[in-house]
Every structure is written in structure tokens, then in C-alpha cells.
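The values are calculated or read from the model by the stated rules, or taken from the named source; none is laboratory data. Owing to the predicted nature of the structure, the values given are computational and were not obtained by experimental measurement. Methodologically, a virtual Cβ is constructed for each residue, glycine included, from the backbone with ideal geometry; neighbour enumeration extends over all protein chains shown.
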Amino acid sequence: MKTLVLVFHPHLEKSQVNRKLMDAANETGDVTVVDEYAAYPDFKINVEHEQELIETHDRIVLQFPFYWYSSPALLKEWEDEVITAGWAYGGGHALKGKELKLVVTTGSDAAKYRKDGEYSHTMEELLSPFEVVAYKIGMNYAEPFLVQGTATIGDAELDQAAADYVSAILD
């Protein structure tokens, strides 16, 4: 299965966790990894190029930090521009049968993302718009890979997360 990892982090140069995950994916040699903010710092997305990339891969991984219980702005712009009628839905089926996997990092620990936690919502609930999009365009929505508590993650935990991440995106 050919895997495409699209990394959406507006400050990747400052990121310990997302950078480590991206580097681990790159080191496998088995995946195509794209830093979307480096590719589109002006938010002017090359839609044709992005669609061609997606068409040549079977698994699409969207990797991003969780910002205000959502995705970074460029990911939303990417969705709006790339996942278009006539190509992905509304007569087009370019993504049908492909897998969508989210890789999401949160500064807060997992306990805060429970019904009885500080945020009163689960990650499953907060990520549900991505699942609905996948359903709408005929993609298979895979269980998200979460790295939580990144604000306090230690080196050993980060190394383990990177190893688990590689397994999650290649399985």
C-alpha cells in the first residue's frame, strides 16, 4: 500500500513531536512525506499537484497538531480547495476506496479528552468531521493515531511514539 503523509504544522521548525514523527516517516523510505506549510506558506495551494499526489497513493495520512479543538488553518484550506466536486464527489470518485488516517498531537493529556474530563468531549467526537468527510467521498476512515500530552512528553516516550507511529502508518 502506497502511503502519503501530509504534515500540516505551521511551526514545524519549533515542534519537537511532529518533527520527530515526520522524520521517522521519512526514514522508512516507504512513504511520501510532504510538509504542507513549507510547500504553501502563502496558502496558495497547487490543487492539481495535490490531487495527483493523492491519486498515486492508497493511504492518505493527515498529520497535525490539535489547535483549539480543530486542525490548523492550512489543513482546512487544503480540504476546501483539494477535495472538490467532480473529482472527489458529485460525479467524481478519485478517493473512493482509499484510506484516510489522522495523526494528531495534543499538548494536553488524554484524560482531558473524555466526557468526564476537562474538555467534556472525546477525541473521537472532536475529530468526527474528518470521519464524515471520509464517508462522503468514499474513503475508508482508519482509527486515528494520537500522541497526547506532548507538552510534557519525555525523550523515551517520544521515541516510543515515533516507533508506534511508523507501525501505524505502514500497517
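See the values below:
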| item | result |
| --- | --- |
| Conditions (1) over 22 Å from residue 33 (Cβ atoms); (2) crowded, with 17+ Cβ neighbours inside 10 Å: number failed by residue 144 | (1) |
| Selection within the stretch 28-45 - assigned to a helix (DSSP H, G or I) and touching a residue at least 24 places away in the same chain (Cβ under 8 Å) | 28, 36, 37, 38 |
| Total residues in the stretch 82-122, condition crowded, with 17+ Cβ neighbours inside 10 Å and free of Cβ contacts under 8 Å to residues at least 40 places away in the same chain | 3 |
| Residue match in the stretch 105-116 (condition: of a type in the set (Asp, Glu) and either more than 22 Å from residue 3 (Cα to Cα) or touching a helix residue (DSSP H, G or I) at 6+ places or on another chain (Cβ under 6 Å) (or both)) | yes |
| Pairs, first farther than 16 Å from residue 109 by Cβ in the stretch 155-166, second modelled with pLDDT of 95 or more and assigned to a helix (DSSP H, G or I), C-beta under 7 Å, six or more apart | 162/20; 162/21; 162/24; 165/21; 165/24; 166/24; 166/25 |
